[in-house]
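Some notes on the structure that comes next.
The values are calculated or read from the model by the stated rules, or taken from the named source; none is laboratory data. In this text, all values refer to a predicted model and were calculated from it rather than measured experimentally. All Cβ positions, even for glycine, are placed from backbone atoms using ideal geometry, and neighbour counts span all protein chains on display.
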Amino acid sequence: MIPRIYIQFLNGALGQVSASEDGVIGVLTTGAAVSGTFALNTTYKLSKFADLAALGVTSANNPGLVKLMTELYNQNPNGAEVWLKAFAETVTMTTMLTLATANGVQEFLQTANGRIRTLIVHRTPASGYTPVITAGLDAEVLTAITQAQTTALWAEGTLKAPVFVAIAGLYYSGIATALTNLLEMTNNRVCVMIGDTVPGNGCAIGLLAGKIAAIPVQRNIGRVKDGAVLGVATAYHAATKLESNDVSLVYNKGFITLRTHVGRSGYFFIDDLLAALPGDDYCHITARRTVDKAYRIAYTTLVNEMLDEVSVTDAGKISVAYAKSIESKVENAIINSMTAAGELGNDPGNQNDTGVSCWINTDQNIVATGVVNVTLKVKPYGYARYIEVSLGFKTVTA
């Protein structure tokens, strides 16, 4: 086994039933080549919508792609870093996500040099495509979920560049009770969105991509204070307006979708669920993005220590001085990058609470094993998903 850094995510600790690199988006979708300017199976880096237009991509030759990117950049008028690869219309989302696919997702993530944090997977099928509807969606959505988790785990473990994957819930039947319950799955790096800005079988997943690119890692996509999702005049579930559907049924099955709030104009994301058990520490996008950022910072900090000399005691165990040095390096890196940016849930009333703790057990015989076990924990925020008020009359006292 070659020398390497291995970081394993802890689980079970919570007990719960922007123009930065954090917002870098990867998009895998289908499209049509434009002679001389836009080729299929080729990776492009965009920073604004005009970059897509410069490739000769228009609503006439690539309506689905233009719609997706318009939705994305509507949320980011100042631009966002997007890596894009389009496949032929016959290529399924599952195939796009399969590591063994030639010029597929593995090559895509490697070409982006690990910069991609969120991977969006979408498809505009060829005219005449007849889906097999399973559990209220195109059957391939379910196979794509499984493949997405496999690929995301590869990106984390092998590429050392963790991502989570958002999949378009295509061909939604409009029958929420038919949907598979994603909250019974264990795919804590995958989410599925349902809903569109036009009636039909599509999915406005560009809105989700754009929202994620615009907000910090700890921010919930449904945060009301941020205002309504931009560029949405009307939202639909299948052929009917969202207001005519019970979105709570969709939410209870673990899907991401849009909703309305009484007294507020526009549409908002309902929440940020991943396809995972409610007891999973990483069952929400906020938790996933936060811990993934800590992972990247820890890796960047610790890889510099690879194969360095480690001072030891007479028993061959790690010295206290070395342990404290590494602990400080990791904590300071995360404090400077995350705590200072308000991305960790540290207690503002406790000046010693940085929201991060790193610990190395000095009772490790590194001379015998060559292993340094490090425990790193970061503190998440809580989220006001349910606000309950006891309301009554105040009586007049004499």
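From VAL229, VAL217, which residue is among the aliphatic types (A, V, I, L, M), assigned to a loop (DSSP other than H, G, I, E, B), under 27 Å from GLN149 (Cα atoms) and assigned by TED's automatic domain parsing to the domain that holds VAL163?
Numbers: VAL229 fails: under 27 Å from GLN149 (Cα atoms).
Result: VAL217 is the single residue among VAL229, VAL217 that is among the aliphatic types (A, V, I, L, M), assigned to a loop (DSSP other than H, G, I, E, B), under 27 Å from GLN149 (Cα atoms) and assigned by TED's automatic domain parsing to the domain that holds VAL163.
Specify which of the listed residues (GLY254, GLY279, GLY266) is surrounded by 14 or more Cβ atoms within 10 Å (Cβ to Cβ) and under 19 Å from the mean Cα position of the chain (by Cα).
Working: GLY279 fails: surrounded by 14 or more Cβ atoms within 10 Å (Cβ to Cβ); GLY266 fails: under 19 Å from the mean Cα position of the chain (by Cα).
Being surrounded by 14 or more Cβ atoms within 10 Å (Cβ to Cβ) and under 19 Å from the mean Cα position of the chain (by Cα) holds for just one of GLY254, GLY279, GLY266, which is GLY254.
Which condition from (1) buried (at least 16 other Cβ atoms within 10 Å of the Cβ); (2) more than 29 Å from the chain's Cα centre (by Cα) is the one that THR354 breaks?
Exception for THR354: condition (2).
Listed here are the residues, each with its yes/no results for (1) more than 27 Å from GLN364 (Cβ to Cβ); (2) modelled with pLDDT under 95; (3) in a helix (DSSP H, G or I).
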site: THR290; (1), (2), (3): yes, no, yes
site: ASN304; (1), (2), (3): no, yes, yes
site: LYS324; (1), (2), (3): no, no, yes
site: SER328; (1), (2), (3): no, no, yes
site: PRO348; (1), (2), (3): yes, yes, no
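If only one of GLU81, GLU71 is surrounded by fewer than 22 Cβ atoms within 10 Å (Cβ to Cβ), under 22 Å from the mean Cα position of the chain (by Cα) and of a type in the set (Asp, Glu), which one is it?
Working: GLU71 fails: surrounded by fewer than 22 Cβ atoms within 10 Å (Cβ to Cβ).
Just a single option satisfies the conditions, and that option is GLU81.
Are there any pairs with C-beta distances below 7 angstrom linking a residue in segment 40-52 that is more than 12 Å from ALA86 (Cα to Cα) to a residue that is acidic (Asp, Glu) and crowded, with 17+ Cβ neighbours inside 10 Å, with the two at least 6 apart or on different chains, and if so which?
SER47/GLU81
Could you identify the single residue in ARG115, ARG123 that is more than 17 Å from ASN201 (Cβ to Cβ), touching a helix residue (DSSP H, G or I) at 6+ places or on another chain (Cβ under 7 Å) and part of a loop (DSSP other than H, G, I, E, B)?
Working: ARG123 fails: more than 17 Å from ASN201 (Cβ to Cβ).
Matching residue, one of ARG115, ARG123: ARG115.
Hey, can you tell me all the residues within segment 19-55 that are farther than 17 Å from THR101 by Cβ and of a type outside the set (A, V, I, L, M, F, W, C)? Outline the logic, then answer.
Within segment 19-55, the subset farther than 17 Å from THR101 by Cβ is 19-25, 32-38, 44-55.
Selection gives SER20, GLU21, ASP22, GLY23, SER35, GLY36, THR37, TYR44, LYS45, SER47, LYS48, ASP51.
Yes or no: ASN332 exposed (fewer than 13 other Cβ atoms within 10 Å of the Cβ) and either modelled with pLDDT of 95 or more or closer than 23 Å to MET306 by Cβ (or both)?
Working: exposed (fewer than 13 other Cβ atoms within 10 Å of the Cβ): no; either modelled with pLDDT of 95 or more or closer than 23 Å to MET306 by Cβ (or both): yes.
Judged against the criteria, ASN332 is not a match.
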